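Peer 1: The structure's right below; bear with me while I get my questions together.
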């Protein structure tokens with residue numbers, strides 16, 4: 001009798017034979033639960049995912065230092081990651097709409113290496129679907145705020161120069177607060193939104 005093949009080599013030969021055959025190859029590549037395979041959240045209505053509105057600053061220029069400013073990458077991408085992992089529906093918006101950009105020091109790819117350790121933001125900045133959202137954010141004034149379940153206002157250097165006097169943003173914060181919906185502001189965002197007040201009700 002001839003000598004038998006080593007178990008590992010025998011498995012490799014079998015695997016390549018199966019992989020190269022048409023019917024088996026098609027079955028191997030079929031995924032039936034791509035959207036729900038990491039479902040980890042309990043919801044009261046399985047047919048409707050919670051909708052979160054995340055607001056970041058539009059690009060601007062620092063009036064004190066003269067350099068370009070935007071939103072802090074981690075302030076958006078870290079909570080965004082947590083939300084999408086639980087299959088929340090997330091909209092990234094900005095006060096005026098349009099393309100938004102991260103603060104340079106918050107970009108893990110920046111030559112300063114200030115945020116080089118931020119792997120979550122690095123992944124987001126290389127994800128085509130995320131980049132597409134950053135290219136064309138809706139303006140707050142164009143959204144139906146009642147459609148959303150929570151608001152997150154993200155910080156950065158840009159908010160220091162845009163948020164304080166932006167009427168649409170202040171109205172959105174007041175709307176969520178008055179509706180008793182989760183309303184969060186991170187890092188520099190609270191300081192720049194400190195003048196926000198609920199709308200005056202005529203009596």
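The values are calculated or read from the model by the stated rules, or taken from the named source; none is laboratory data. Quick caveat: nothing in here was measured; it's all calculated off a predicted structure. Using ideal geometry, Cβ is built from the backbone for each residue, glycine included, and neighbour counts are taken over all protein chains shown.
Peer 1: Pick from 96, 42: which is at pLDDT 95 or above and more than 17 Å from the chain's Cα centre (by Cα)?
Peer 2: When all the criteria are applied, what remains is 96.
Peer 1: With the requirement that a residue be assigned to a helix (DSSP H, G or I), modelled with pLDDT under 85 and closer than 25 Å to residue 50 by Cα, what does region 167-203 give you?
Peer 2: 189, 190
Peer 1: For region 137-155, which positions are out of contact with any helix residue (DSSP H, G or I) (no Cβ under 6 Å at 6 or more places or on another chain) and either within 15 Å of residue 70 (Cα to Cα) or part of a helix (DSSP H, G or I) (or both)?
Peer 2: Matches in region 137-155: 137, 142, 146, 147.
Peer 1: I'd like the full set of residues that are part of a strand (DSSP E or B) and surrounded by 16 or more Cβ atoms within 10 Å (Cβ to Cβ), limited to region 79-122.
Peer 2: Hits for region 79-122 are 90, 92, 93, 94, 102.
Peer 1: If you don't mind, another one. Of all residues in region 156-166 being part of a loop (DSSP other than H, G, I, E, B) and in contact with a helix residue (DSSP H, G or I) (Cβ under 7 Å, 6 or more places away or on another chain), which is surrounded by the most Cβ atoms within 10 Å (Cβ to Cβ)?
Peer 2: So, considering only residues that are part of a loop (DSSP other than H, G, I, E, B) and in contact with a helix residue (DSSP H, G or I) (Cβ under 7 Å, 6 or more places away or on another chain), the one surrounded by the most Cβ atoms within 10 Å (Cβ to Cβ) is 156.
Peer 1: Still on this structure, I have one more. Would you mind telling me which numbered condition in (1) closer than 23 Å to residue 172 by Cβ; (2) exposed (fewer than 14 other Cβ atoms within 10 Å of the Cβ); (3) within 15 Å of the chain's Cα centre (by Cα) residue 153 fails?
Peer 2: Only one criterion in (1) closer than 23 Å to residue 172 by Cβ; (2) exposed (fewer than 14 other Cβ atoms within 10 Å of the Cβ); (3) within 15 Å of the chain's Cα centre (by Cα) is unmet by residue 153, namely (2).
Peer 1: Which residues, taken from region 95-137, are touching a strand residue (DSSP E or B) at 6+ places or on another chain (Cβ under 6 Å) and more than 30 Å from residue 165 (Cα to Cα)?
Peer 2: Once the filter is applied, which keeps residues that are touching a strand residue (DSSP E or B) at 6+ places or on another chain (Cβ under 6 Å) and more than 30 Å from residue 165 (Cα to Cα), region 95-137 yields nothing.
Peer 1: Further, regarding this structure: Which pairs turn up if I take residues in region 89-116 that are touching a residue at least 12 places away in the same chain (Cβ under 8 Å) and look for partners that are in a strand (DSSP E or B) and surrounded by fewer than 16 Cβ atoms within 10 Å (Cβ to Cβ) with beta carbon separation below 6 Å, at least 6 apart in sequence or on another chain?
Peer 2: From region 89-116, the pairs are 89/51; 96/139; 97/139.
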